[in-house]
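**Q** One structure, pasted below without further comment.
Where a number appears in this text, it was derived from the coordinates with a stated rule and is not lab data. Remember, predicted model here, so these are calculated numbers, not experimental data. As a convention, Cβ positions derive from the backbone with ideal geometry for all residues, glycine included, and neighbour counts pool all protein chains shown.
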Amino acid sequence: MTLEEFKQSLSGTRVPSELSPVLRALWHDGRGDWNAAHEVAQDVGDPDGAWVHAYLHRKEGDAANAAYWYRRAEQPVCRESLEREWEAIVSEFLRRASAR
């Protein structure tokens, strides 16, 4: 799946079945459902889940909590726009999925 296909899937009502949990979280966020995104992300106990969790708390405006999650994800605190960060994270996880 490409980034454009991922974005197009946001107009649907169902999460594409092939998406990993972190991409499901970002799909919900892309549809404006922060709570569903957070619920999925907080159940992913690896650095990828922490990265999405960090982004979500940054979006929420909780910089301190976001910084904690960026550390857990071993990622720098993002200074880009939220939209650019979302696209970068989605693109990275899609790239990894296609490499499998």
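**Q** May I ask you to give the average projected area over all directions of the convex hull of the Cα atoms of the chain, in nm² rounded to one decimal?
**A** If you wrap the Cα atoms of the chain in a convex hull and average its projections, you get 5.9 nm².
**Q** Let me ask another. Net charge around residue 55, counting only other residues with Cβ within less than 10 Å of its Cβ (Lys, Arg = +1; Asp, Glu = -1)?
**A** My count for the surroundings of residue 55 gives -1.
**Q** Let's see if you can work this out: charge +1 on each Lys and Arg Cβ, -1 on each Asp and Glu Cβ, no other charges. What is the dipole magnitude of the chain about its Cα centre, in debye to the nearest 20?
**A** That gives the chain a dipole magnitude of about 100 debye.
**Q** When the chain is treated as a GNM, springs tying every alpha-carbon pair under 10 Å, which of 21, 47, 76 comes out with the largest mean-square fluctuation?
**A** Its mean-square fluctuation being the largest, the pick is 76.
**Q** With 10 angstrom as the radius, rank 20, 81 by how many other C-beta atoms surround their C-beta, starting from the fewest.
**A** Least crowded to most crowded, the residues run 81, 20.
**Q** Note down the nm distance, to one decimal, between modelled labels 7 Å out along Cα→Cβ at residue 64 and at residue 2.
**A** 4.4 nm
**Q** For a footprinting-style exposure proxy, rank 43, 33, 48 by other Cβ within 10 Å, fewest first.
**A** 43, 33, 48
**Q** Kindly state, to the nearest 0.05, the FRET efficiency for residue 14 paired with residue 82, given R0 = 22 Å and r defined as their beta-carbon distance.
**A** 0.35
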